[in-house]
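Trainee: The structure under discussion is supplied below as structure tokens; questions concerning it will follow.
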Amino acid sequence: MQLSNRVQNLTPSSTLAITAKAKAMKDSGHDVIGLGAGEPDFNTPKYIIQAAEEAMNTGLTRYTPSGGILELREAIVDKMYRDHQLTYQADQIIVTTGAKHALYTLFQVILNKGDQVIVPTPYWVSYPEQIKLAEGEPIFIEGKEENNFKISAKQVEEVITDKTKAIIINSPNNPTGMMYSEEELQAIGEVCLKHNIIIISDEIYEKLAYTDQAHVSIAQLSEALKRQTVVINGVSKSHAMTGWRIGYACGRKTIIKAMTNLASHATSNPTTTSQYAALAAYQANDHEIEKMKVAFKERLDTAYQALIQLPGVTCVKPQGAFYLFPNVTEAMERTGFDSVEDWVTAILEEEKVALIPGTGFGAPKNVRLAYTIGSDQLKEAIHRIERFIIRHQQI
Ligand SMILES: Cc1ncc(COP(=O)(O)O)c(C=O)c1O
């Protein structure tokens, strides 16, 4: 049986191979420290779980409207105003099965064959594949390490063609943890307005920003930019709710209506119980999630300090999310490796530390470390990497 061209052209997730190997080693009794997990290690806060239980116990277990229950969309309206002074109406919001599904559905409704989407590198692994699944073409522009992995308005201007339909801005970024400033967003936004390019603002790590400046959404910079932007967000990372699968998109009504229509044929609705859980999350204050943020920030400081001491490793200090994305070019050279995959595999085999190679994020000189484990484990993992580098050092 011949599978469709669509799936044959899909690139398997680069994070999966190493994660599967790490898991197999762990299952066979090895003391593996995993730095791969892109999800908080904290439990979902109790009040959220209780809200889900209550929903189930009171019979809220049936289909809901495709775009999500009105109460949740209204709670998201309030959240967008509270956090960004953005005014949306409930019909400008669709609740989806995770932010991933919001993005997938969005590409399906805005792209025609051959339409181009600008994707800054390093990027989250699913963007290019989702764009290709919608018959679009990802156009990569390099977020240079010397520019803290961020792209400029000039770079955007340079790649625009008459097929450019959209651009993705992911701030704080996975895998680099970098955030765009208001001025940088303003400049990129102006180019997008000039060429009528839809801005997809993936703000899933919004609540994990460790800078003095609050996270800025490009949509909040002007009424025109708000109209031009579709904001993507969800509870996965902010509320330690990755398994509940609730995300959302906010944008102009025509796009949200088309997405809702498509979702009605794909999922019917996001899981009902999870919607009530997310409702409790958005109706509460951010006290519980602040605690997680403080813990992440401490780990970041600890891991960053240890990491930059490693021979041949440099690292731009992240401002948000829960990832470090060091450049290991020199460490690889010193230890006799010329591929980051081989380097990462050797570290896993010899030192039982699972890192993610940067190749799948469009950055083959880097590796991604998620600090979604406790500080002691983090320190131990970095110590093991150091041991590996010193043992193999050839110069
Ligand atoms: C940048 C980015 N966007 C979106 C998502 C999707 O999140 P979810 O589907 O869990 O809401 C992720 C998850 O790893 C991510 O890293």
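Trainee: Quick one: what pairs do we get from region 16-39, first residue polar (S, T, N, Q), second within 16 Å of the ligand (Cβ to nearest atom), C-beta under 7 Å, 6+ apart or different chains?
Mentor: From residues that are polar (S, T, N, Q), the pairs are THR19/GLY36.
Trainee: Can you tell me which residues in region 140-174 are within 15 Å of the ligand (Cβ to nearest atom) and at positive phi?
Mentor: PHE149
Trainee: Find all pairs meeting these conditions: Cβ atoms under 6 angstrom apart; at least six residues apart or on different chains; first residue within region 96-110 and touching a residue at least 24 places away in the same chain (Cβ under 8 Å); second residue near the ligand (Cβ under 9 Å from one of its atoms) and in a helix (DSSP H, G or I).
Mentor: Matching pairs, first to second residue: THR96/ALA102.
Trainee: Please go through region 12-29 and pick out each residue that is part of a loop (DSSP other than H, G, I, E, B) and either in contact with a Phe, Trp or Tyr (Cβ under 9 Å, 6 or more places away or on another chain) or open to solvent by less than 80 Å² (accessible area, probe 1.4 Å) (or both). Show your work before the answer.
Mentor: We begin by selecting, within region 12-29, every residue part of a loop (DSSP other than H, G, I, E, B); these are 12-13, 28-29.
Answer for region 12-29, where residues must be part of a loop (DSSP other than H, G, I, E, B) and either in contact with a Phe, Trp or Tyr (Cβ under 9 Å, 6 or more places away or on another chain) or open to solvent by less than 80 Å² (accessible area, probe 1.4 Å) (or both): SER13, GLY29.
Trainee: Could you please find all residues in region 106-120 being out of contact with any Lys or Arg (no Cβ under 8 Å at 6 or more places or on another chain) and either within 13 Å of the ligand (Cβ to nearest atom) or of a type in the set (Phe, Trp, Tyr) (or both)?
Mentor: Scanning region 106-120 gives LEU106, PHE107, VAL119.
Trainee: Residues that are within 15 Å of the ligand (Cβ to nearest atom) and of a type in the set (A, V, I, L, M): which helices (runs of 4 or more DSSP H) entirely in region 246-342 hold 2 or more of them? Quick ask: steps written out before the conclusion?
Mentor: Values: elements: 253-266, 272-283, 287-307, 329-334.
Filter on region 246-342 gives 253-266, 272-283.
The values are calculated or read from the model by the stated rules, or taken from the named source; none is laboratory data. Predicted model, so just to flag it, every value in this text is computed and none were measured. Please note: Cβ atoms are built from the backbone with ideal geometry, for glycine as well, and neighbour counts cover all protein chains shown. We work out accessible area using only protein heavy atoms, side chains counted, and drop any ligands, DNA or RNA first. Shrake-Rupley method; radii C 1.70, N 1.55, O 1.52, S 1.80 Å.
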